[in-house]
Amino acid sequence: MNKALSTSRIKSLYRVMLRIRRVEESIAERYAAQEMRCPVHLSIGQEAIAAGVCAALTQQDGVFSGHRAHAHYLAKGGDLTAMLAEIYGKAEGCCKGIGGSMHMIDLAAGFLGAVPIVGATVPLAVGAAWAARLRGENKVITVFLGDGTFEEGVVYESINFAVLHRLPVLFVCENNLYACYTRLSTRQPERPIHGVAAACGCNVMLADGNDALAVYDVASRAVADLRSGNQPVFLECATYRWREHCGPNNDDDLGYRPAAEVAKWQAFCPINQLATLLNARPEGQDFITHSEQEISKEINDAFTAALAGSIPQQADLPGYLYA
Amino acid sequence: MLETTRQITQAEAIREALEQAMDEDERVILIGEGVPDPKGVFGTTSGLQERFGTARVFDMPLAENGMTGICIGAAISGLRPVMVHQRIDFTLLCMDQLINNAAKWRYMFAGQVNVPLVIRVIVGRGWGQGPQHAQSLQALFAHVPGLKVVMPSSGYDAKGMLLAAIRDDNPVIFIEHRWLHGITDEVPTLPYTVALNKAMLRRPGKDATVVAFSFMVIETLLVAKALVDLGIDLEVIDARAVRPLDMTTIIESVQRTGVLIVADTAWKTGGIAGEVVAAVAEAAFNSLRQPPLRIALPDLPAPTSHHLSKDYYPDALHLARAIVSHLNVAVADIELVNRLHRSTPHDVPQREFCGPF
């Protein structure tokens, strides 16, 4: 990797991840005020995959996600204030208060939708890629899914069609080992998830899901492959969710995952890894300090704006149902 | 200009609607199991792949839920997919995508994205279709806000409503009936649309309103014709739309006749017939001279054996007996038998129909 390019890449990935981390932490801190009255599934610990993959995409490329979508939305360029306003149930939210945290969309940023039925957006991504192909658009469509999603039949159906028609889809499997409180080994036989995707005909790639640079490099290769008309790519990234499945807290007191396992993964913090690299470079520490300050101000401003948003009107609901 | 019309079957009318929709809008694509195969979904898709090519007319993997999601993804990305299922029963495999995504995508994102998607489905009947190939599931879909649901009975409406459905920016469940495919009707050659939310008065009458759905319109019109010279004058409404129901037309009729009878192709419990009755009771209870009547399938899945299916479907004679009894009119049963006894086998739409499905 070119060293100069690498420094700017490290900085941008670091900043994207730090911003996601601080947004999520701010949500967690303010959640107890009971003004965010909807479930939240925080992305803390998993920032590198969102940052690395989205850095490899253009604004025109589309992204879909599921219930744990904040990181993907933000990394793709989704509007922060609209996201927070949505979680607060305000009219200025990205779904005008209808969706909450589990329904994110920002069409201008190419974030095409996230919904909480597990697996629900996987075929939509394939359909969007199919439409792009049929309409002659040079787009790559990415869908983020978890290890649990891979158990849904619709994922197999979607991959089958994507491979059959060689569609430009990037399936990104964030394998964080748990579906709610249930460990992967309780849910799937002992074989790699990506092995199944390979058997389905996907071009399989792997990356350390806590290493944003690695994710970016592999995702860039995947996107280049897809743009040149190669097979759909299934990118599996190992990572770990730090907080509880749903909600602002830690839940390791419940004992569903070994303390040593949690500690091991937290030692591989994706943000700290890049901070270490930055600190070794000239002005790296300054960049980190500046980033913290800028992000802190941006987040505070966004929360203020979101909280000052207006109340959505019941009378508007019927108008959303049919075109 | 004098518009040209001619007699064609409903299957041909549907095929013509698809062809004209694809002609007028290159965003329309067609997909379904068997769409380009030699039988062309009972002739409704024959020749379309030859005409429009393999980039617009597709066969599909046996993956109903995934393919529904893929069509939704295409619909929110600028295409207008028409998806076909040879039996409505198969859509039970795609209820997640239809109800959670298609019906809600526009709503849950506050109107930012439309889902212009048509799902063509066919209700089977007869020739031993049995428990899983002869369900009539319109009430399931009609329950869901965000879907439009239609069940045309005539070839004219089938063409016009299919064109309207394809031009519509919402997900439309377009329910056909296998026994309607072979019936001919006077159908214009040019494209035209028929509203997706309007019932149609098929026959004016003063003694009772019969609201009929899909194939039951055919049976009800036979009954009305037979009963008129027995002194019973039925008003027949072809519901056409299931969601939304055109309650305005239905209530106006009930206010004239004072009697409501609903003839549905589905099971009675939880069916759309009950919804019609409830809506009339809420809005026009005092117009009713007597309790309403639902004529529907017994609460049993369809049996396969033709010995068992004989009395499962209410045919015209069943219908006439139920109506005469409900209206408490003295008519000798032999009069009904003479007029409505079906001389053809009970399990085929026409004598020349010889399966297999």
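The values are calculated or read from the model by the stated rules, or taken from the named source; none is laboratory data. Because the structure is a prediction, the values reported are computed rather than measured. Heads up, the Cβs are rebuilt from the backbone with ideal geometry, glycines too, and the neighbour counts pull from every protein chain shown. The protein model used for the area step is the full one, side chains on, heavy atoms only, and it has no ligands, DNA or RNA in it. Shrake-Rupley method; radii C 1.70, N 1.55, O 1.52, S 1.80 Å.
For a label point 7 Å from the Cα of A:Glu25 along Cα→C-beta, name the residues of the stretch A:260-287 whose backbone N is under 12 Å from it. Only A:271-272 fall inside the zone, counting backbone N under 12 Å. Taking the inverse of the mean 1/r over every pair of distinct Cα atoms in chain A gives a Kirkwood hydrodynamic radius of 20.1 Å. Relative to one another, the C-alpha centroids of the stretch B:181-217 and the stretch A:13-43 are positioned 56 Å apart.
Taking label positions 7 Å along the Cα-Cβ direction at both A:Leu206 and A:Ala267, the computed distance is 2.1 nm, reported to one decimal.
Seen through its C-alpha gyration tensor, with square-root eigenvalues sorted a ≥ b ≥ c, the stretch B:200-340 comes out oblate because a/c lies at 1.5 or above while a/b is not bigger than b/c. Here r is the Cβ-Cβ distance between B:Lys268 and B:Lys206 and R0 is 25 Å; the resulting FRET efficiency, rounded to 0.05, is 0.40. At a cut-off of 50 Å², which residues of the stretch B:105-152 become less accessible once all protein chains are present than in their chain alone, using a 1.4 Å probe? SASA drop of 50 Å² or more in the stretch B:105-152: B:Trp105, B:Arg106, B:Tyr107, B:Met108, B:Phe109, B:Ala110, B:Gln112. For the stretch B:207-222, backbone nitrogen atoms closer than 19 Å to the point 7 Å from B:Val228 Cα along Cα-to-C-beta are found at B:207-212, B:217-222. Using a probe radius of 1.4 Å on protein heavy atoms only, what is the accessible area buried between chains B and A, both sides summed, to the nearest 100 Å²? For chain B against chain A, roughly 3100 Å² becomes buried. Compared with the dominant principal axis of the Cα atoms in chain B, helix B:10-24 is inclined by about 30°. With a cut-off of 12 Å between beta carbons, the residues surrounding B:Val259 carry a summed charge of 0, where Lys and Arg count +1 and Asp and Glu -1. Interface burial in the stretch A:91-126 reaches 40 Å² or more for A:Ile98, A:Ile105, A:Leu107, A:Val115, A:Ile117, A:Pro123, A:Leu124, comparing the full protein assembly with the chain by itself; accessible area from heavy atoms with a 1.4 Å probe. Here's the picture: charge each Lys and Arg Cβ at +1 and each Asp and Glu Cβ at -1 in the stretch B:193-334, and of B:Ala273, B:Ser325, B:Thr304 the one pushed furthest to the positive end of that dipole is B:Ala273. Solvent-accessible area of B:Thr265, all protein chains in place: 10 Å² (probe radius 1.4 Å, heavy atoms, ligands and nucleic acids excluded). Anything losing 50 Å² or more of accessible area from the isolated chain to the full protein assembly: pick those residues out of the stretch B:40-61, probe 1.4 Å, ligands and DNA/RNA ignored. Those residues are B:Phe58, B:Pro61. Overall shape of the stretch A:111-252 was characterised from the C-alpha gyration tensor. The equivalent ellipsoid obtained from it has semi-axes of 26, 16, 15 Å, in decreasing order. In order along the stretch B:121-131, phi translates into HN-Hα couplings of 9, 10, 7, x, 7, x, 6, x, 4, x, x Hz, rounded to whole numbers, per the Karplus curve 6.51 cos²θ - 1.76 cosθ + 1.60 with θ = phi - 60° and x for Gly and Pro. A straight chain from A:Ala199 to A:Asn138 at 0.36 nm per residue would run longer than the Cα-Cα distance by 19.3 nm. Projecting label points 7 angstrom from Cα along Cα→Cβ for A:Ser6 and A:Ala108 puts them 3.7 nm apart.
The apolar share of the surface of the protein assembly as shown, taken as the fraction of accessible area on carbon and sulfur atoms (1.4 Å probe, ligands and nucleic acids excluded), comes to 54 percent. Which of rounded, prolate, oblate describes chain B, given a ≥ b ≥ c as roots of the alpha-carbon gyration tensor eigenvalues and a/c under 1.5 marking rounded, otherwise prolate only if a/b is larger than b/c? Here chain B falls in the prolate category.
Considering only A:Gly119, A:His103, B:Val348, the residue lying farthest towards the positive end of the dipole of the protein assembly as shown is B:Val348, judged by Cα position with unit charges set on Cβ.
Under the rule of -39500 (n - 2.57) per DSSP H run of 4 or more residues, summed and divided by the residues of chain B, what mean residue ellipticity at 222 nm is obtained, to the nearest 500 deg cm²/dmol? The helix-only estimate for chain B comes to -9500 deg cm²/dmol at 222 nm.
The alpha-carbon atoms of the stretch A:233-317, seen along their principal axes, cover 52, 42, 36 angstrom, with the largest extent given first. Take every pair of alpha-carbon atoms less than 8 Å apart whose residues are at least six positions apart; their mean separation over the length of the stretch B:5-188 yields a relative contact order of 29 percent. Distance from the Cα centre of the stretch A:60-85 to that of the stretch A:193-231, in angstrom? Centre-to-centre (Cα) distance: 21 Å. Heavy-atom accessible area, probed at 1.4 angstrom with all protein chains present, ranks B:Glu275, B:Glu352 as B:Glu352, B:Glu275, highest first. Each Cα pair under 8 Å and six or more residues apart adds its sequence gap; the mean of these over the residue count of the stretch B:98-145 is a relative contact order of 32 percent. Charges were assigned to the Cβ only: +1 to each Lys and Arg, -1 to each Asp and Glu. The resulting dipole of the stretch A:202-323 about its Cα centre is roughly 280 debye. Summed over the residues of the protein assembly as shown and divided among them, the accessible surface reaches 38 Å² per residue at a probe radius of 1.4 Å. Using the Cα gyration tensor of the stretch B:1-146, with a ≥ b ≥ c the square roots of its eigenvalues, what is the shape: rounded (a/c below 1.5), prolate (a/b larger than b/c) or oblate (neither)? In terms of gyration-tensor shape, oblate.
For A:Lys264, the aspartates and glutamates whose Cα comes closer than 18 Å to its Cα, not counting residues fewer than 8 places off in the same chain, are A:Glu47, A:Glu174, A:Asp208, A:Asp211, A:Glu244, A:Asp251, A:Asp252, A:Asp253. Near the amide H of B:His177, within less than 5 Å, lie the amide hydrogens of B:Val123, all on another chain or at least 5 residues away, with H placed in the peptide plane. Annotation for B:Arg6 and B:Glu26: the two label points, set 7 Å from Cα along the Cα-Cβ direction, are 3.0 nm apart. Take each residue in A:263-276, count the other chain C-beta atoms within 10 Å of its C-beta, and the mean is 0.
Derived from the Cα gyration tensor, the three semi-axes of the equivalent ellipsoid of the protein assembly as shown are 56, 26, 22 Å, largest first. Please name whichever of A:Asn300, A:Gly148, A:Leu84 sits farthest to the positive end of the charge dipole of chain A, dipole taken about the Cα centre and charges placed at Cβ: Lys and Arg +1, Asp and Glu -1. Toward the positive end, the furthest listed residue is A:Gly148. For the residue pairs A:Lys76/A:Lys297; B:Lys148/B:Lys310; A:Lys96/B:Lys104; B:Lys159/B:Lys310; B:Lys148/B:Lys198; A:Lys11/A:Lys139, alpha carbon separations beyond 23 Å are given by B:Lys148/B:Lys310; B:Lys159/B:Lys310; A:Lys11/A:Lys139. Residues A:Tyr320, A:Tyr73, ordered by accessible area of protein heavy atoms at a 1.4 angstrom probe radius and largest first, appear as A:Tyr320, A:Tyr73.
Note on chain A: helix-only mean residue ellipticity at 222 nm, from DSSP H runs of 4+ residues weighted -39500 (n - 2.57) and normalised by residue number, equals -14500 deg cm²/dmol.
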